[in-house]
Amino acid sequence: METRSLLEFLVIARSQKQEALEKVSGELTMLDRDIIRVKQRIERELSESQPSLSLNNEGEPEVPVIQEDIIRASKRVFLDASGEKGAEVAELSAPLGVEITELSAPLGADSTASAARPTEVAESLAPNSKAIIHEHFADLQACYFDESVEDPLEYFGKKISKLTKLTRIRQVSALKLGDVAGSSNIISSIEFDRHGQLFATAGVSKKIRFYEFRDTMNQTMDLHCPVREIQCKSKVSCISWNPYIQHQLASADYEGLITVYDSNTGLAVSHLEEHEKRSWSVDFSTTDPTRLASGSDDCYVKLWSLKSRKSILTIDGKANICSVRFHPDHGHLLAFGSADHNVHLYDLRFAGKPLDILRGHKKAVSYVRFADNASIVSASTDCTLRLWSLPGQDDTMLPADSSKLTRTFSGHLNEKNFVGLGVQGDLFACGSENNSVYVYHRDLSKPIATFRFSSTCPLTESSIENEVQQFVSSLCWKKDSNLMVAANSQGNIRILEIV
């Protein structure tokens, strides 16, 4: 009996190792094939631009390898471990005069020659590009071998090309404001209007301020004054522009009041008073200019119409509501994050129960944003961002509990404060409690760039001693650009660009 049990174990172990061997062998063949194809492309491009370029002893052009071209080629095919298609691969290598064994040694063979290859390629890269590839190698490799993409190599090539170009965040402008150091300067919310020409800031100063973005880029000004200012009755938690009516802006405040303002006149056009505790979030519908949603510490999400002073729908979240957001394409879909550590997704046409609950965060969910029409990004005081994929692309209801976690992002510090969250294409930006801005790419778990605020007074620009208490409190991308506006708890505002 003992020997039969031993045999059973050995057979299963061998089977699993054989599967692993076949997978690795197939991946090596893919890599060999892609390397050859890309080298062929480099040679063609060089021969077209510089026909007289000399070749080295291996028949290769004596030029640095271009990083953008290392990855791009046509879709790959997994080859099995039997080597049935080995001839096809060898044939591909013929134009370069390089044997396939030089690129990747067979399993179990001496790999000394092949090991030198990555070093040769890496030394031709810019230092920043090399650092990015090494730092994010595990995520990049997973993306490369992703079988679900229609054209994986082309898709991956575009991704890595963009990643190696975006390596740092630079300060474009620092706003010189008139607030006195030591006062309550936390800016809780920053939002651009629909055209990106004007942005508004709001926070504990009980003021909503409007700035012309073009003027804030001018560093020769002695003082950056807002073009308009609204005095509010209470501290403001969040603001949201109407995506259709350019001069209309809503605010949520510490008293639970939702107010809609005319930014041209500075007058309130609507007061929505039902929340019994502090309101943390407000958001205009992206498909209906008369609808907006709000969330509060009273654990309720309210759906409002500007045609009525009373809410048209109330959802009991059963925990403090920190953030609400409408789906960009479907006005009946609403997501909200709460103190129960979860993201809740609702179809407002059938609001009796959630469409889905996204579980995974370990502390309160402070922000939710739709990355696109099929995914959500959430931020939590557990020091992570999380990306969730949503099934379905039409107007039908999603299957319950069908969303899934795609990636977890970590590197920033966020344990107790609202630090801001912004989405721009594949880039996610958030603040941190070390007074810095972090930018992540949706395919990489670690940040690709960071920017640290200097510890200065907004008015005098003198050094602030209690730097340890400062944190980035809000940020917002300028639509369709690499620019963002970010603010910290001291009231400093910076125009930043990822380059």
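Please tell me if SER173 is buried (at least 21 other Cβ atoms within 10 Å of the Cβ) and either free of Cβ contacts under 8 Å to residues at least 40 places away in the same chain or of a type in the set (S, T, N, Q) (or both). No: the conditions fail for SER173.
Filtering segment 278-307 down to residues that are among the basic types (Lys, Arg) and touching a residue at least 40 places away in the same chain (Cβ under 8 Å), which residue is farthest from ASN242 (Cα to Cα)?
Going residue by residue through segment 278-307, those that are among the basic types (Lys, Arg) are 278, 291, 302, 307.
Filter once more, so that each one left must be touching a residue at least 40 places away in the same chain (Cβ under 8 Å): 278, 291, 302.
Details: ARG278: 22, ARG291: 9, LYS302: 17 Å.
Of everything passing the filter in segment 278-307, ARG278 is farthest from ASN242 (Cα to Cα).
Filter segment 250-298 for residues that are touching a Leu at 6+ places or on another chain (Cβ under 7 Å) and aromatic (Phe, Trp, Tyr) and give the result. The answer is TYR261, PHE284.
Out of contact with any Leu (no Cβ under 8 Å at 6 or more places or on another chain), modelled with pLDDT of 95 or more and assigned by TED's automatic domain parsing to the domain that holds SER189: does that describe VAL468? Give the steps one after another, and end with the answer.
Details: out of contact with any Leu (no Cβ under 8 Å at 6 or more places or on another chain): yes; modelled with pLDDT of 95 or more: no; assigned by TED's automatic domain parsing to the domain that holds SER189: yes.
Against the criterion (out of contact with any Leu (no Cβ under 8 Å at 6 or more places or on another chain), modelled with pLDDT of 95 or more and assigned by TED's automatic domain parsing to the domain that holds SER189), VAL468 does not qualify.
Quick check, is ASP283 in a strand (DSSP E or B) and of a type in the set (Asp, Glu)? Yes, satisfied. ARG309 meets the conditions (1) in contact with a His (Cβ under 8 Å, 6 or more places away or on another chain); (2) modelled with pLDDT of 95 or more in every case but one. The failed one is (2).
Listed residues SER263, SER240; which is within 26 Å of the chain's Cα centre (by Cα) and touching a residue at least 40 places away in the same chain (Cβ under 8 Å)?
On the way: SER263 fails: within 26 Å of the chain's Cα centre (by Cα).
Answer to the check: SER240.
Listed conditions (1) over 16 Å from SER378 (Cα atoms); (2) surrounded by 24 or more Cβ atoms within 10 Å (Cβ to Cβ) are all met by GLY295, apart from (1). When ALA319 is tested against (1) touching a Lys or Arg at 6+ places or on another chain (Cβ under 9 Å); (2) surrounded by fewer than 19 Cβ atoms within 10 Å (Cβ to Cβ); (3) assigned to a loop (DSSP other than H, G, I, E, B), just one condition goes unmet, and that condition is (1). For PRO226, the conditions (1) more than 29 Å from the chain's Cα centre (by Cα); (2) closer than 22 Å to MET484 by Cβ; (3) part of a strand (DSSP E or B); (4) not hydrophobic (A, V, I, L, M, F, W, C) all hold with the exception of (3). Could you go through segment 402-410 and let me know if any residue there is at pLDDT below 95, surrounded by 14 or more Cβ atoms within 10 Å (Cβ to Cβ) and either assigned by TED's automatic domain parsing to the domain that holds ILE190 or out of contact with any strand residue (DSSP E or B) (no Cβ under 9 Å at 6 or more places or on another chain) (or both). The answer is yes, given that some residue of segment 402-410 is at pLDDT below 95, surrounded by 14 or more Cβ atoms within 10 Å (Cβ to Cβ) and either assigned by TED's automatic domain parsing to the domain that holds ILE190 or out of contact with any strand residue (DSSP E or B) (no Cβ under 9 Å at 6 or more places or on another chain) (or both). Scanning segment 249-278 for residues that are assigned to a strand (DSSP E or B) and buried (at least 21 other Cβ atoms within 10 Å of the Cβ) yields a count of 10.
For segment 194-213, the condition holds for at least one residue, the condition being that it is assigned by TED's automatic domain parsing to the domain that holds SER474, surrounded by fewer than 18 Cβ atoms within 10 Å (Cβ to Cβ), small (Gly, Ala, Ser) and within 31 Å of the chain's Cα centre (by Cα). Cβ separations smaller than 7 Å between residues 6+ apart or across chains give the following pairs from segment 26-42 residues that are farther than 16 Å from LYS158 by Cα and surrounded by fewer than 22 Cβ atoms within 10 Å (Cβ to Cβ) to residues that are modelled with pLDDT of 85 or more and not basic (Lys, Arg): GLU27/PHE145.
The values are calculated or read from the model by the stated rules, or taken from the named source; none is laboratory data. Note that the coordinates shown come from a computational prediction; the quantities given were computed from them, not determined experimentally. So basically every Cβ, Gly included, is an ideal-geometry build from the backbone, and we count neighbours across all protein chains shown.
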